[in-house]
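Q: The following block contains the structure, expressed as structure tokens.
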Amino acid sequence: MFSPTPDNLTPPVLTPPGPPADVPPLDPPAPETIQEPTPDPDPLYPSQEPQPEPEPPDSGETLSVGETSIFFDPGELTAPAKNKLREFAQQLSNDQATLSSSYHRKLDELSHQEKALADLSTISDQQLALYGRASAVREAMQGIQQTLTNDLWANEPDRARQLSDTYHQLQYQLSQATEAFGAAERERSAKIAAERDRRRKTGEEQLNRKYPGFSQRVVPELVNYAVAQGVRKEDAQDYAMDPIAAEVMYKAMQFDRINKGVKPARHQKKPTSTPQPTQRKTRSLQEMTDSEFAKYLAGS
């Protein structure tokens, strides 16, 4: 009988069984996602997230007032309300334009005044410097005059001649300083006159713009009224230099004109009405009390 020996024995090869052909392979399970609960909104602390801006309606009307635009839906307003809104917007735009014009006009006037004051200040500084120079030259000339005597000419003619030449040079410098001072004074006077003319013209324009025909219609009577109140005639005629004071005087004249022919009201006493005697109502016998019935019998 054949018996296997260790030399011809081979170990069996084991292969794992594979999946059936008709069964698909299983996919790995997907990881579970944990959904956090949404917190309830707190009414005391609302969310600060930006809210989307509402889109404007397709149809509407936009009113421009300066740099501001006002949009409204015509269907939400009545016709009179829309007209009033348009009139208000137009009036507001006009007021803004007038205010801007007045602001720029006043700014221009202030710039002119500032420039005029700067020019006058410069001229005044030049005049002060010329005055100091002329004063120093005059003092030097006075000193030379006291030194330059007949004895000096007789004893020291060379020194006297030098002092004489210096005196003539100082005299020439004094004449130059005096001429420059006069030219600066003339320039200063011309600038003051030009500034006065400009301010007078600006004042007239301001008053005529506020009160049409002020220069022709009001000024003659206003000058007489101001003189009657104690103002100098020259100052009253130069009213346009101070338009605010002229306007105040004009309003005072109007007030006095209104109250001129008005007599003070007399306090008339109201007629006192004589009190009418009250008529007592006679009560019937059935309505009388015992005491009233006794009085009735006593009176009868």
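All of the numbers you see were taken from the coordinates with simple rules; none came from a lab. A quick note: this is a predicted structure, and the numbers were derived from the prediction, not measured. Here the Cβ positions follow ideal geometry from the backbone for every residue, glycine too, while neighbour counts run over all protein chains shown.
Q: FRET efficiency for ASP125 and ARG196, Cβ-Cβ distance as r, R0 = 25 Å, nearest 0.05?
A: Result of the calculation: an efficiency of 0.70.
Q: If neighbour count is taken as other Cβ atoms inside 10 Å, put VAL248, VAL227, VAL218 in order from fewest to most.
A: VAL248, VAL227, VAL218
Q: Cα-Cα over 22 Å: which of LYS115/LYS210; LYS201/LYS260; LYS106/LYS233; LYS201/LYS233?
A: Distance filter (> 22 Å) returns LYS115/LYS210; LYS201/LYS260; LYS106/LYS233.
Q: Counting Lys +1, Arg +1, Asp -1, Glu -1, what net charge surrounds GLN206 among other residues with beta carbon under 12 Å of its beta carbon?
A: +2
Q: To continue, here is another question. Can you sort PHE255, PHE181, PHE214, PHE88 by how many other beta carbons sit within 10 Å, fewest first?
A: Placing the least packed residue first, the sequence is PHE255, PHE88, PHE181, PHE214.
Q: May I pose another question? Principal axis lengths of segment 161-251 from Cα atoms, whole Å, largest first?
A: Result, largest extent first: 74, 27, 17 Å.
Q: Charges on Cβ only, +1 for Lys and Arg, -1 for Asp and Glu, centred on the Cα centroid of segment 211-259; of VAL227, ASN259, VAL248, which one is farthest towards the dipole's positive end?
A: Positive-end residue among those listed: ASN259.
Q: By how many nm would the segment from GLN91 to GLN145 grow when fully extended, if each residue of separation counts as 0.36 nm and the alpha-carbon distance is taken off?
A: Full extension of this stretch gives 11.5 nm more.
Q: Principal axis lengths of segment 211-259 from Cα atoms, whole Å, largest first?
A: The Cα atoms of segment 211-259 stretch 28, 26, 17 Å along their principal axes.
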